[in-house]
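Laboratory data are not the source of any read-out in this text; all were calculated from the coordinates shown. Since this is a predicted model, take the numbers as computed values, not measurements. As a convention, Cβ positions derive from the backbone with ideal geometry for all residues, glycine included, and neighbour counts pool all protein chains shown.
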Amino acid sequence: MSVRSNAKPVEAKPKRAEADTARKRTIVSICSVVTVLTLYTAISNSGLVNQVLIPPPQAIARTAVTLWTQENLPIDILTSLMRVLTGYAIGVTLATLLGSLMGWFWFIDGVFDPLIELIRPVPPLAYIPLMILWFGIEERPKIMVITLGCFLTCIINVITGVKNTPRLYIEAARTMGATNRDLFFTVAIPAAVPYILTGLRVALGTAWAILVAAELIAAQRGLGFMMTNARRFFRTDAIMVGIICIGLLAFSMDRGLRYVNRRLTSWMERREA
Amino acid sequence: MAAQGSPYKLECRNITHTFRGEGGQEIVALQDVSLGVYDGEFLCILGPSGCGKTTLLRIFAGLVTPDEGMVYLDGQPSMDTHPDKGMVFQLDATFPWLTVEENVKYGLKLRRLPKEEVESIASRVIHMVGLSGFEKAYPKELSGGMRKRVDIARTYACNPKVLLMDEPFGSLDLFTKTRMQAELLNLWSQARKTVVFVTHDVDEAIYLADRVVVMSKRPGRIRDIIRIDLPRPRSVDIKVSEAFGEIKRRLWTHFEEEFAGVASEAPAVAAPA
């Protein structure tokens, strides 16, 4: 059927229109990326710029292969990934658990909110010197700082979500005999899931940001370390490889989260996916 | 059955309630309101916006604690929410993250009833409201009228002694509303409960009720209680019968005050030559 009508069929949505827009948007996005890449390649190979500072894609590609096969790129990637995943997982789990309780129980909120608000203004990276003195220069300080950053970023979304539980649902549940505990588990948390997922996504960005900086400051392996090392030898091509790796990893993790988001909140009414 | 010699299933005595506004101004929502509802009766509370009818219903439900006065269910004080006092709200209160089936089972699961019992009650009630086949659908896939049926089914599944309904059909169009009114009466005749139904729609009140309580505002109090002597079962076309019109005329006199001072259509003026 190729008719586009304005009348909304009973119980159905105009999926055709939504799919068209999505397809066009994808095409536009692809063109955008291709354009940027083409421009970069052109500028780098034009002879007008210093190729040490703006390495051409060919050199980057060659270096990537070398780093992967002959040097320690796989280990660096795994090391960075491990730090990010560990810090992130612990941080958002704590944030979800504590944030839910804080959003619902005034007492817990009263206890923890001032502590969190006092810690929040300080960028988590500033704690690295202290963490190193306490825990040494191994993995722990870096992971702890990532945990802290993810925790702070995520928790505010969780608290907001739980505190914004629509009163209508609470009242409906109460008239069906729900206790405060019932309300927390069967109404507040499910209603807050979209907010919690938002918190998970922003925390992921925080995790990568802190990781790279932490590795630039104090690490013996990892992508940030690899990039600092490369800087000393003016190996901008290696730096680019590092940036691309981080970008790809962070991008795929975010996409993964977006997919989880869509599946878990398929019940929501949306303008577009 | 009512205990302690009270003839009423649900009763409120000397309810007074005031709302304090932000600027410190006080609005007396209800002034010394006493009302009794008989077992198995369909009672409508009719009045303009702001007359306190919704507040009174919420006090019955236990969602609001009145400044003065008491609520009794079966002769016992009942000031808090309880599954014996089921409520259907004006807005769509179905939980969007649950399917139709899961919504209807919500109250039953709270009570930890055995699984087979939950299943059988749920499927029976879903059939009673005409939603068989939609058990696995999410509220977002349903029309407004269908969601309202889920609301009603969910409340009915809890088997409350009293059913409190706050302008439940207010957001529906005339045709859906009329159909829902007829279906509600049908449902009520099959599984008779004591119903308190709040509305501002005179036709709706007369069509549904055994008795209509007329309320006035500022302050909210009961002006009159009128028995509706129309025979049951009532088909929809009773709304255009003589007897119906007679009752409507009687009720209308109560609302003349509402329209006092409102300019009516000005007589036609001859166009200048």
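Counting only DSSP H runs of at least 4 residues, each contributing -39500 (n - 2.57), and dividing by the residue count of chain B, the helix-based mean residue ellipticity at 222 nm comes to -10500 deg cm²/dmol. Which one, B:I121, B:G133, B:Y106, projects farthest toward the positive side of the charge dipole computed for the stretch B:98-159 from Cβ point charges (K/R +1, D/E -1)? Final value for the positive-end residue is B:Y106.
Across peptide B:88-96, the mean count of Cβ atoms from other chains lying within 10 Å of each residue's own Cβ comes to 4.
Looking at chain B alone, DSSP beta bridges between its own residues are antiparallel in about 55 percent of cases. Taken one residue at a time, the phi angles of the stretch B:160-169 give Karplus couplings (6.51, -1.76, 1.60, θ = phi - 60°) of x, 6, 10, 10, 9, 10, 9, 6, x, 9 Hz. Gly and Pro are set to x.
Summarising the strand pairing of the protein assembly as shown, around 55 percent of its internal DSSP beta bridges are antiparallel.
Relative contact order, whole percent, for chain A stands at 23, derived from Cα pairs under 8 Å and 6 or more residues apart. This model, with +1 at the C-beta of Lys and Arg and -1 at the C-beta of Asp and Glu, gives the stretch A:84-230 a dipole about its Cα centre of some 160 debye.
For the residues of A:174-184, the average number of beta carbons from a partner chain within 10 Å of their own beta carbon is 6. Distance between the 7 Å Cα→Cβ label points at B:K140 and A:T265: 0.9 nm. FRET efficiency for the pair A:W106 and B:E116, taken as 1/(1 + (r/R0)^6) with r the Cβ-Cβ distance and R0 = 51 Å, rounds to 0.80. The Cα atoms of chain A give a gyration tensor whose axes a ≥ b ≥ c have a/c of 1.5 or more with a/b no greater than b/c, which makes the shape oblate. Each of B:E22 and B:R250 was given a label point 7 Å from its Cα along the Cα-to-Cβ line. The distance between the two points is 4.5 nm. Computed from backbone phi, the HN-Hα couplings of the stretch A:33-44 come to 5, 4, 4, 4, 4, 4, 4, 4, 4, 4, 5, 5 Hz, rounded to whole numbers (Karplus: 6.51 cos²θ - 1.76 cosθ + 1.60, θ = phi - 60°; Gly and Pro given as x). Within chain B, the longest run free of GluC sites (Glu not before Pro) that sit in a DSSP loop with at most 10 other Cβ atoms within 10 Å is B:23-264. Ordered by the number of other Cβ atoms lying within 10 Å of each residue's own Cβ, fewest first, B:Y38, A:Y195, B:Y106 fall into the sequence B:Y38, A:Y195, B:Y106. The alpha-carbon of B:K140 sits under 20 angstrom from the alpha-carbons of these aspartates and glutamates, leaving out residues fewer than 8 places away in its chain: A:E11, A:E18, A:E269, A:E272, B:D92, B:E101, B:E102, B:D151, B:D173.
By the rule of a C-alpha distance below 22 Å, with chain neighbours fewer than 8 residues away ignored, the lysines paired with A:K24 are A:K13, A:K15.
Computed over chain A, the per-residue total of -39500 (n - 2.57) for DSSP H runs of n ≥ 4 gives a 222 nm mean residue ellipticity of -25500 deg cm²/dmol, rounded to 500. The peptide list A:41-54, B:43-56, A:102-115, put in order of mean Cβ contacts within 10 Å with the highest first, becomes B:43-56, A:102-115, A:41-54.
In this rough spin-label picture, where each label sits 7 Å from Cα along the Cβ direction, the B:Y38-A:S29 distance is 6.6 nm. The loop-placed GluC sites (Glu not before Pro) in the stretch A:209-273, going by DSSP, that have at most 13 neighbouring Cβ atoms within 10 Å of their Cβ come out as A:E269, A:E272. Candidates A:F135, A:Y88, A:S29 compared by Cα position along the dipole of the stretch A:1-148: farthest toward the positive end lies A:S29, with charges placed on Cβ.
Computed on chain B, with alpha-carbon pairs under 8 angstrom and 6+ residues apart, the relative contact order is 24 percent. The angle between the Cα long axis of helix A:57-69 and the main principal axis of chain A comes to about 80°, on a 0 to 90 degree scale.
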